[in-house]
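Down below is the structure, laid out as structure tokens.
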Ligand code: BGC
């Protein structure tokens, strides 16, 4: 393709238009120049390819595709090769449907257990998330399909997901929220990066030259295309300047005229537009050269099962009750027959097949208890108690129903449905040999954990999850997954509790996310980061450090074949700038026969020790090298002298929360960390609404927005048989996405139905300027 020639032959207007897609999933074709359209589809754990009616929240049908375990489970394998194989399989399925770009993987940080999309993300730890995402991308792109790394960046909650402002200090941003992306970009080299909906410190990601050009391209060397999340473009002019290339979904003419005017009046350089056109054309060129290969769906189903087996985490196994020694078992709970195997939203797959726990254990008795939302009746409870008494072992399937976690909204609390808690308690009282198989996308409060003998956490295990669970329960497979996020005892222990799920979240806890907080604060957790049991045992020996290579020998001292995830943490020298007590800097999965030993090696580099202090700098001194089975189960340690520089602690550090971690960080503490006062942003109100305001935000002070809100709710309800049922997760998600969506995004997502001028007019009216609004609607293009 003669890319330069094509660009030269295009008019300015054509170039601007080319940087918005043609429709929901396609770029624009340029038939006269032999440039075809290319298709992009979700998603992170399977292909969501819609050939019919399109949407971004997984409501309309998509073609059957392998539903792999969600990232919560795939991440818990800590197995780069396996996750790369998943990426590759999804790449093949994409190419078979002529899909060029797969919208995934996601590597945002799980900041808080209630994050609605935690199930789509890999970890609370940026090292682990980055390494896994890079592996997925390498696997996927080896097929010729292109990955779109998302959601760049600091997009760790669903509340006000399209216009909230993540307020974060520079060090935390670099060490935690950008670090996973940095690794994934540098080591995975994705063809595209998707910029997130939110703002960071007041600037929309799509407008941010610092994020999309200075950091992503100049510092990290990214040479691909930036696509917006669907409806995330804030301002086309700023976007071009920032290096935001493709506005998706397509179909609108959002800010085309304004952009044209900006070039004509000299406030936007045409070269910025050319650069975006060039990057899109390069992607199209790459896609054109790729050939699809046949897809073996059975093999992909088997791969999905292996990932689910390796990603399931055995949280408890008292008296070695598992693996089962008897066939005299009863399966209890709706989720045994209707497993929760994937999350809701844009990652929702139409699976090629589905194996529930009841399918995989056909000889076990089964009592389905509870409804889709987890409510149980007294009669059901009586029935399960009787069944539990009549069997040697009772296996209860429980967890988070669909309604509890989804793209579009955050979880309301960290608990299971009350019905599930009651069901487990009743069964455990009736039968001391109770095993819980747990489903759900993030940490949960387990009030009954001490009352049951075993807990097997499947996460969201994908379409083969039932078979994987059965194999693990019966011992055909040996559990080896480890948690990629800490499980606090209760939500009250979560440090970001007050500063999460609010419009403009203040990331007050700074770098102390997950175990970085719990371990330094000495908080009791239910299960620590990196934790998971096996049916065998492992011994650690011979820890050595030579230059920057750390070696350790792992031996399987039990009687079964198994795999251990070995973790390497560094602990910083005492008495310098505040740092977590330990940080993950290496991991390896080791498969071992009984009695077998293997030596694993970890290579440390400068970044293993560096902190962000106006640039990456290594505080010199004696570091501890800790090797263990979880962040709280360090088996061996040694020391290592690291040459670096003396970095003095900030003057305010002594006695501050960031040093003591005692209580909660106050706003004053956090402003010191930010390095400047941070004014509290006023709630949007009549007179100051902007194109970033949503209909839901404006409806209480504007009749026109109230009407608009009701019309939207009615239209959405139509696809749900006229019912406005907020307990239906799809309805709730659609309503929130449509009505809490900024006006500018309504224009972008509306496929031409809402023009710029109509939106601007409505905005004027909502701000109380009726006549100006009418004039705007009539006169603007
Ligand atoms: C999601 C993205 C997704 C896109 C397209 C958005 O709502 O945030 O993750 O790729 O829709 O479906």
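Across the range 580-606, the number of residues qualifying as under 25 Å from the mean Cα position of the chain (by Cα) and either more than 28 Å from residue 478 (Cβ to Cβ) or buried (at least 20 other Cβ atoms within 10 Å of the Cβ) (or both) comes to 7. Selection of first residues in the range 52-77 that are within 11 Å of the ligand (Cβ to nearest atom) and of second residues that are assigned to a helix (DSSP H, G or I) and modelled with pLDDT of 90 or more, restricted to Cβ pairs under 8 Å at least 6 apart or on distinct chains, gives the following pairs, ordered by first then second residue: 56/749.
Being more than 15 Å from the ligand (Cβ to nearest atom), touching a residue at least 12 places away in the same chain (Cβ under 8 Å) and buried (at least 24 other Cβ atoms within 10 Å of the Cβ) is a property that holds for residue 109. Looking only at the range 558-579, which residues are part of a strand (DSSP E or B) and either closer than 17 Å to residue 612 by Cβ or over 23 Å from the mean Cα position of the chain (by Cα) (or both)? Of everything in the range 558-579, those that are part of a strand (DSSP E or B) and either closer than 17 Å to residue 612 by Cβ or over 23 Å from the mean Cα position of the chain (by Cα) (or both) turn out to be 562, 563, 564, 566, 568, 569, 570, 571. For the range 486-499, does any single residue satisfy the condition of being assigned to a loop (DSSP other than H, G, I, E, B), within 18 Å of residue 629 (Cβ to Cβ) and touching a strand residue (DSSP E or B) at 6+ places or on another chain (Cβ under 6 Å)? Yes, because at least one residue in the range 486-499 is assigned to a loop (DSSP other than H, G, I, E, B), within 18 Å of residue 629 (Cβ to Cβ) and touching a strand residue (DSSP E or B) at 6+ places or on another chain (Cβ under 6 Å). Checked against the criteria, residue 218 counts as surrounded by fewer than 20 Cβ atoms within 10 Å (Cβ to Cβ), in a helix (DSSP H, G or I) and out of contact with any strand residue (DSSP E or B) (no Cβ under 8 Å at 6 or more places or on another chain). Residues in the range 469-478 that are more than 19 Å from residue 442 (Cα to Cα) and crowded, with 23+ Cβ neighbours inside 10 Å: 470, 472, 473, 477.
If you go through the range 449-467 and pick out every residue that is out of contact with any strand residue (DSSP E or B) (no Cβ under 7 Å at 6 or more places or on another chain) and buried (at least 20 other Cβ atoms within 10 Å of the Cβ), you end up with 6.
Select from the range 339-355 the residues that are in contact with a strand residue (DSSP E or B) (Cβ under 9 Å, 6 or more places away or on another chain) and more than 16 Å from the ligand (Cβ to nearest atom) and list them in ascending order. Result: 339, 340, 341, 351, 352, 353.
One line per residue, one yes/no per condition, for (1) within 16 Å of the ligand (Cβ to nearest atom); (2) crowded, with 24+ Cβ neighbours inside 10 Å; (3) farther than 18 Å from residue 348 by Cα:
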position	(1), (2), (3)
412	no, no, yes
416	no, yes, yes
424	no, yes, yes
442	no, yes, no
447	no, no, yes
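For the range 176-201, the tally of residues that are under 14 Å from residue 242 (Cβ atoms) and part of a loop (DSSP other than H, G, I, E, B) stands at 1. Can you work out which of the residues in the range 243-298 that are in contact (Cβ under 8 Å) with a residue 12 or more places away in the chain and on the phi > 0 side of the Ramachandran plot is nearest to the ligand (Cβ to nearest atom)? So the residue we want is 251.
Please state which one of 284, 277 is modelled with pLDDT of 95 or more, assigned to a helix (DSSP H, G or I), closer than 20 Å to residue 3 by Cβ and touching a strand residue (DSSP E or B) at 6+ places or on another chain (Cβ under 7 Å).
284
Taking the criterion of being in contact with a strand residue (DSSP E or B) (Cβ under 9 Å, 6 or more places away or on another chain) and surrounded by fewer than 18 Cβ atoms within 10 Å (Cβ to Cβ), the only residue of the range 13-27 that qualifies is 14.
Conditions (1) under 27 Å from the mean Cα position of the chain (by Cα); (2) modelled with pLDDT under 95; (3) on the phi > 0 side of the Ramachandran plot, marked per residue:
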{"site": "330", "(1), (2), (3)": "no, no, no"}
{"site": "336", "(1), (2), (3)": "yes, no, no"}
{"site": "383", "(1), (2), (3)": "no, no, no"}
{"site": "388", "(1), (2), (3)": "no, no, no"}
{"site": "395", "(1), (2), (3)": "no, no, no"}
{"site": "403", "(1), (2), (3)": "yes, yes, no"}
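Of everything listed in (1) in a strand (DSSP E or B); (2) free of Cβ contacts under 8 Å to residues at least 60 places away in the same chain, the single unmet condition for residue 536 is (1).
In the range 416-426, which residues are under 34 Å from the mean Cα position of the chain (by Cα) and over 20 Å from residue 441 (Cα atoms)? Within the range 416-426, 422, 423, 425 qualify.
Scanning the range 631-669 for residues that are outside any strand (DSSP E or B) and in contact with a strand residue (DSSP E or B) (Cβ under 6 Å, 6 or more places away or on another chain) yields 644, 647.
Can residue 240 be described as within 16 Å of the ligand (Cβ to nearest atom) and either modelled with pLDDT under 95 or part of a helix (DSSP H, G or I) (or both)? In short, no.
Here residue 396 meets each of (1) over 19 Å from residue 477 (Cα atoms); (2) not in a strand (DSSP E or B) with one exception, condition (2). One residue stands out in the range 28-51 among those that are within 14 Å of the ligand (Cβ to nearest atom) and outside any strand (DSSP E or B): the one that is surrounded by the fewest Cβ atoms within 10 Å (Cβ to Cβ), namely 50.
The values are calculated or read from the model by the stated rules, or taken from the named source; none is laboratory data. Computed from a predicted model, the values in this text were never measured in an experiment. Here the Cβ is made from the backbone with ideal geometry for all residues, glycine too, and neighbour counts use every protein chain on show.
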